[in-house]
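Input: a single structure, listed below in structure tokens.
The values are calculated or read from the model by the stated rules, or taken from the named source; none is laboratory data. Just so we're clear, the structure is a prediction, and the values are computed from it rather than from any experiment. A quick note on method: Cβ atoms are made from the backbone with ideal geometry, for glycine too, and the neighbour counts reach across all protein chains shown.
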Amino acid sequence: MTTDATFSSEQAVAFLGSRRSTPPTDLGMPVPDASQLETILRLASRTPDHGRLVPYRFVVLDHDACVRMGDHVRAAYAEDHPDADESALSHSRQRFDNAPMIVAVVSRAQASHPKIPEWEQILTAGAVCMNLLHAAHALGFGAIWLTGWTTYDRRILGALGLGVDERLAGWIHLGTPGSPREDRPRPVVSEITTFWR
């Protein structure tokens, strides 16, 4: 291995170790442009995929679309909480109102596939989410993978255009981070690793 290759590997390790989730309140403009977004989604799709089923897809929401999704979130929350005051209703949609851009990663696993278990297909969608975070980081953007009740509510999923057999792996918020993030405590690898012999 050449010195350049070794240095490149060291840079890659440092890069992977430097990724942080950016709180949604700390994400702002600018967001990825069309070319950057295409790159992010293309890299996100370079994921293990048993049988090449592509059991996932993307739904991109720009800021205006995020605000419109907030309307659906507020309506669903109001339906479930008829006594909610204005403060609670506004809070229910805040995450969407403040989002510069969201990529919804949709899991479309085939439960009846004769060869490839549904679980493996779902794992592929999760791997796509992680790749998307790394790709955004590589282009200098902040990102965070969020879930919550809106991820599982069929009214919200229907508004997003999901079919009855599709599920949401997560909302990936994208934007420019407002400030550097300190790292959080990470697992001690030796405490979660065993060697089977």
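Among the residues of this structure, residue 87 does not count as one that is within 19 Å of residue 63 (Cβ to Cβ), in a helix (DSSP H, G or I) and without any contact (Cβ under 8 Å) to a residue 40 or more places away in the chain. With respect to residue 149, is the statement that it is aromatic (Phe, Trp, Tyr) and more than 24 Å from residue 35 (Cα to Cα) true? When the stated conditions are applied, residue 149 passes them. Which of the residues that make up region 115-145 are among the aromatic types (Phe, Trp, Tyr) and in a helix (DSSP H, G or I)? The one that is among the aromatic types (Phe, Trp, Tyr) and in a helix (DSSP H, G or I): 119.
No other residue among 58, 96 is modelled with pLDDT of 95 or more, in a helix (DSSP H, G or I) and either over 27 Å from residue 157 (Cβ atoms) or aromatic (Phe, Trp, Tyr) (or both) apart from 96.
The conditions of being assigned to a helix (DSSP H, G or I), modelled with pLDDT of 95 or more and exposed (fewer than 14 other Cβ atoms within 10 Å of the Cβ) are not met by residue 17. Given the criteria of a type outside the set (Gly, Ala, Ser), surrounded by 13 or more Cβ atoms within 10 Å (Cβ to Cβ) and either touching a Gly at 6+ places or on another chain (Cβ under 8 Å) or more than 19 Å from residue 138 (Cβ to Cβ) (or both), does residue 81 qualify? In short, no. Quick one: is residue 128 among the β-branched types (Val, Ile, Thr), more than 17 Å from the chain's Cα centre (by Cα) and closer than 26 Å to residue 19 by Cβ? No. Please enumerate the residues belonging to region 147-197 that are under 19 Å from residue 76 (Cβ atoms), in contact with a Gly (Cβ under 6 Å, 6 or more places away or on another chain) and surrounded by 17 or more Cβ atoms within 10 Å (Cβ to Cβ). Matches in region 147-197: none.
Residue-wise test of (1) touching a residue at least 40 places away in the same chain (Cβ under 8 Å); (2) closer than 15 Å to residue 151 by Cβ; (3) not in a helix (DSSP H, G or I).
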{"residue": "65", "(1), (2), (3)": "no, no, no"}
{"residue": "68", "(1), (2), (3)": "no, no, no"}
{"residue": "74", "(1), (2), (3)": "no, no, no"}
{"residue": "77", "(1), (2), (3)": "no, yes, no"}
{"residue": "83", "(1), (2), (3)": "no, no, yes"}
{"residue": "106", "(1), (2), (3)": "yes, yes, yes"}
{"residue": "113", "(1), (2), (3)": "yes, no, yes"}
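Close contacts from region 168-197, counting a first residue that is closer than 30 Å to residue 152 by Cα and free of Cβ contacts under 8 Å to residues at least 12 places away in the same chain and a second that is assigned to a loop (DSSP other than H, G, I, E, B) and of a type in the set (Asp, Glu), with Cβ to Cβ under 8 Å and a gap of 6+ residues or different chains, come to none at all.
Reported count of residues in region 25-63, each being touching a residue at least 24 places away in the same chain (Cβ under 8 Å) and either farther than 22 Å from residue 107 by Cβ or small (Gly, Ala, Ser) (or both), is 15.
When you check residue 157 against the structure, is it over 17 Å from residue 32 (Cβ atoms) and outside any loop (DSSP other than H, G, I, E, B), yes or no? Here the answer is yes, as residue 157 does meet what is asked. Counting residues in region 112-120 that are within 27 Å of residue 175 (Cβ to Cβ) and modelled with pLDDT of 95 or more gives zero.
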